[in-house]
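What follows is a set of notes on a single structure, which appears directly below.
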């Protein structure tokens with residue numbers, strides 16, 4: 001990016017233009033070209049964010065179908081509907097897709113769309129990098145599902161433990177595709193994290209000091225830093241795995257000096273922060289929605305910010321509680337038991353702040369708030385069972401049973417999916433310009449809450465009765481058949497809730513009530529833009545005079561002026577106070593991020609079959625990267 005002093009006055013400015021003229025010029029400056037080329041080359045954060053969201057929900061549907069197939073197999077004992085090999089692939093594809101291709105990407109997707117709007121800027125920082133991240137995510141997810149279609153899907157779980165995933169026990173290319181898919185998705189996640197951090201730190205609207213940042217933006221800032229510290233661990237471990245399999249290294253082979261537990265340490269050093277990488281954005285969504293439907297500021301803003309930071313920090317000290325059954329020293333087990341229980345404190349602070357806000361306000365029970373209430377109920381259950389399995393004696397008893405399956409689904413679905421559904425109903429008017437149907441929304445809510453709890457709560461009982469996880473069938477004499485049949489029926493009810501959501505979205509896109517700029521009377525800046533926002537987001541850059549500027553300045557929102565309107569230009573400010581410092585050029589649309597992603601995909605997929613693909617693929621990727629960064633002569637085209 002090039003930068004210019006903020007006091008430059010040449011070129012066409014917004015200072016002396018009336019609104020219709022300014023709108024026309026800005027629309028031409030920031031528009032995405034029409035047609036297929038424009039669709040491929042766009043760097044508009046809103047278009048990229050929508051693609052991310054839609055793609056993530058496609059992967060959710062695929063993972064959900066895999067889950068339903070597994071539940072069909074487990075409905076009755078000694079079922080022969082499918083064999084162990086197909087079941088292992090379905091089980092592995094379900095977990096891999098949910099964790100790597102849905103849960104983390106969908107949270108970043110919502111942030112890609114909303115964060116620039118919430119901080120009052122016209123585009124995300126590094127927009128071409130952001131576009132590149134989407135294409136890498138799409139190609140990586142498509143790669144592993146295409147491999148599954150050819151009977152080469154992942155087969156060792158979403159965690160791919162060695163030695164099962166090593167060359168001794170996993171033949172063919174199944175684990176190789178899994179390892180490369182991990183690298184794809186983590187490259188994507190890291191790219192988005194960098195863009196979000198730069199946007200939040202440097203592109204906030206004037207007046208938006210650190211103590212005025214919306215809580216969802218705070219949540220994404222903490223999440224982005226967690227991604228930057230956690231994701232390299234799993235990228236290293238997956239690279240070591242594929243080197244063991246394809247090159248002959250011995251990182252995880254104890255016979256040659258390697259250590260299988262090294263995989264678990266590296267994987268779970270990423271894996272447990274990943275739970276909070278999913279959960280922290282969800283809490284930010286709740287902190288944005290609760291004040292709106294109580295029509296009062298959030299209770300305990302500073303406490304909530306500190307709780308977010310504490311959760312992000314403490315999440316890196318919990319990973320070994322996944323390994324209590326591996327024979328660790330008792331002192332180490334005690335430390336990780338304590339840290340696992342300690343993280344419940346900032347999580348509890350958040351819940352009490354939300355309850356206090358609800359208590360002090362006058363809650364409006366619309367669908368978004370209903371899903372928030374469902375989230376609080378289910379997440380508390382998941383949190384309580386989490387404290388239980390943090391105790392070593394109990395963990396040794398229920399480890400690898402369906403008790404753990406119930407626990408992490410309560411945490412991940414209750415703690416992430418319910419807030420996400422709340423966010424869909426809340427921000428859908430901003431994205432589409434139309435309201436989702438409230439009656440269908442309530443059907444969606446009750447089907448989801450009843451179906452989820454009825455499907456997953458009995459799994460606690462199955463686990464306590466000794467049913468192991470990761471089995472494709474079980475004997476009739478076990479007595480687990482009736483409970484499993486009930487769980488399978490209730491999983492259909494839970495799946496039906498998503499069918500209702502899909503129908504609501506499709507129907508409302510065409511026939512929904514026109515929303516208007518701020519249908520919920522919310523207080524944050526994204527609702528100051530039209531619904532849906534124009535390509536340039538804001539006609540004039542807003543001034544944030546308050547944490548809820550639309551409530552503080554109900555009659556007229558203050559704005560700043562002086563930016564060029566005939567070139568893509570953003571305002572860059574100081575880190576703490578967001579005091580304007582520079583006018584930054586923002587890059588134009590480009591096809592090179594897509595071509596760079598295609599070349600990267602060719603290198604990664606080719607390396608599964610021949611090591612030379614790394615060399616030739618690297619040379620191939622260099623061509624679009626050079627074109628991407630080659631100086632064009634115009635400041636607005638450089639980054």
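Looking only at residues of segment 247-295 that are in contact (Cβ under 8 Å) with a residue 40 or more places away in the chain and outside any helix (DSSP H, G or I), we find that the one that is farthest from residue 118 (Cα to Cα) is 253.
State all residues of segment 209-238 that are more than 23 Å from the chain's Cα centre (by Cα) and outside any loop (DSSP other than H, G, I, E, B); if no residue qualifies, say none. Correct list: 210, 211, 212.
Any residue at all in segment 419-440 that is surrounded by fewer than 17 Cβ atoms within 10 Å (Cβ to Cβ) and closer than 26 Å to residue 524 by Cα? Looking for residues that are surrounded by fewer than 17 Cβ atoms within 10 Å (Cβ to Cβ) and closer than 26 Å to residue 524 by Cα, one finds at least one in segment 419-440, hence yes. Scanning segment 16-39 for residues that are surrounded by 12 or more Cβ atoms within 10 Å (Cβ to Cβ) and not in a helix (DSSP H, G or I) returns 17, 31, 32, 33. Residue 184 meets all of the listed conditions (1) within 23 Å of the chain's Cα centre (by Cα); (2) part of a helix (DSSP H, G or I); (3) modelled with pLDDT of 90 or more; (4) crowded, with 22+ Cβ neighbours inside 10 Å but one, namely (3). Here 508, 497 are screened, and the one residue that is in contact with a strand residue (DSSP E or B) (Cβ under 6 Å, 6 or more places away or on another chain) and modelled with pLDDT of 95 or more is 508. Exactly one residue out of 139, 169, 201 is in contact (Cβ under 8 Å) with a residue 40 or more places away in the chain and over 30 Å from residue 292 (Cβ atoms), and it is 139.
The helices (runs of 4 or more DSSP H) found wholly in segment 337-404 and carrying at least 2 residues that are over 21 Å from residue 282 (Cβ atoms), without any contact (Cβ under 8 Å) to a residue 60 or more places away in the chain and out of contact with any strand residue (DSSP E or B) (no Cβ under 8 Å at 6 or more places or on another chain) occupy 392-398.
Among residues of segment 574-588 that are within 17 Å of residue 31 (Cβ to Cβ), those with a beta-carbon under 6 Å from a residue that is part of a strand (DSSP E or B) at least six positions away or on a different chain give the pairs 586/570. Among the candidates 205, 233, 219, 189, the residue that is in contact with a helix residue (DSSP H, G or I) (Cβ under 8 Å, 6 or more places away or on another chain), within 29 Å of residue 598 (Cβ to Cβ) and surrounded by 24 or more Cβ atoms within 10 Å (Cβ to Cβ) is uniquely 189. The single condition from (1) out of contact with any helix residue (DSSP H, G or I) (no Cβ under 7 Å at 6 or more places or on another chain); (2) crowded, with 16+ Cβ neighbours inside 10 Å; (3) at pLDDT below 90 that residue 580 fails is (3). Being modelled with pLDDT of 90 or more and either surrounded by fewer than 20 Cβ atoms within 10 Å (Cβ to Cβ) or in a loop (DSSP other than H, G, I, E, B) (or both) is the requirement here; does residue 571 meet it? Judged against the criteria, residue 571 is not a match.
Among the residues of segment 481-503, is there at least one that is within 16 Å of residue 402 (Cα to Cα), assigned to a helix (DSSP H, G or I), within 26 Å of the chain's Cα centre (by Cα) and in contact (Cβ under 8 Å) with a residue 40 or more places away in the chain? Yes: segment 481-503 contains one or more residues that are within 16 Å of residue 402 (Cα to Cα), assigned to a helix (DSSP H, G or I), within 26 Å of the chain's Cα centre (by Cα) and in contact (Cβ under 8 Å) with a residue 40 or more places away in the chain. The set of residues from segment 586-617 being over 28 Å from the mean Cα position of the chain (by Cα) and outside any helix (DSSP H, G or I) comprises 610, 611. Quick one: would you say residue 162 is within 17 Å of the chain's Cα centre (by Cα) and crowded, with 24+ Cβ neighbours inside 10 Å? Here the answer is no, as residue 162 does not meet what is asked.
For every residue, the table says whether it meets (1) closer than 30 Å to residue 90 by Cα; (2) out of contact with any strand residue (DSSP E or B) (no Cβ under 7 Å at 6 or more places or on another chain).
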{"residue": "468", "(1), (2)": "yes, no"}
{"residue": "472", "(1), (2)": "yes, yes"}
{"residue": "476", "(1), (2)": "yes, yes"}
{"residue": "485", "(1), (2)": "yes, yes"}
{"residue": "490", "(1), (2)": "yes, yes"}
{"residue": "532", "(1), (2)": "no, yes"}
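Every condition in (1) in contact (Cβ under 8 Å) with a residue 60 or more places away in the chain; (2) under 25 Å from residue 99 (Cα atoms); (3) in contact with a helix residue (DSSP H, G or I) (Cβ under 7 Å, 6 or more places away or on another chain); (4) surrounded by 21 or more Cβ atoms within 10 Å (Cβ to Cβ) holds for residue 244 except the one numbered (3).
Each row is one residue, and each column tells you yes or no for (1) over 21 Å from residue 231 (Cα atoms); (2) modelled with pLDDT of 95 or more; (3) in contact with a strand residue (DSSP E or B) (Cβ under 7 Å, 6 or more places away or on another chain).
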position	(1), (2), (3)
281	no, yes, no
285	yes, yes, no
288	yes, yes, no
301	yes, yes, no
306	yes, yes, no
317	no, no, no
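The residues in segment 130-157 that are touching a helix residue (DSSP H, G or I) at 6+ places or on another chain (Cβ under 7 Å) and closer than 22 Å to residue 53 by Cβ can be counted, and the count is 15.
Right, residue 9: under 18 Å from residue 571 (Cα atoms), at pLDDT 90 or above and either out of contact with any strand residue (DSSP E or B) (no Cβ under 8 Å at 6 or more places or on another chain) or buried (at least 16 other Cβ atoms within 10 Å of the Cβ) (or both) or not? No, not satisfied.
The values are calculated or read from the model by the stated rules, or taken from the named source; none is laboratory data. Nothing here was measured: the structure is a model prediction, and the numbers come from that model. As a convention, Cβ positions derive from the backbone with ideal geometry for all residues, glycine included, and neighbour counts pool all protein chains shown.
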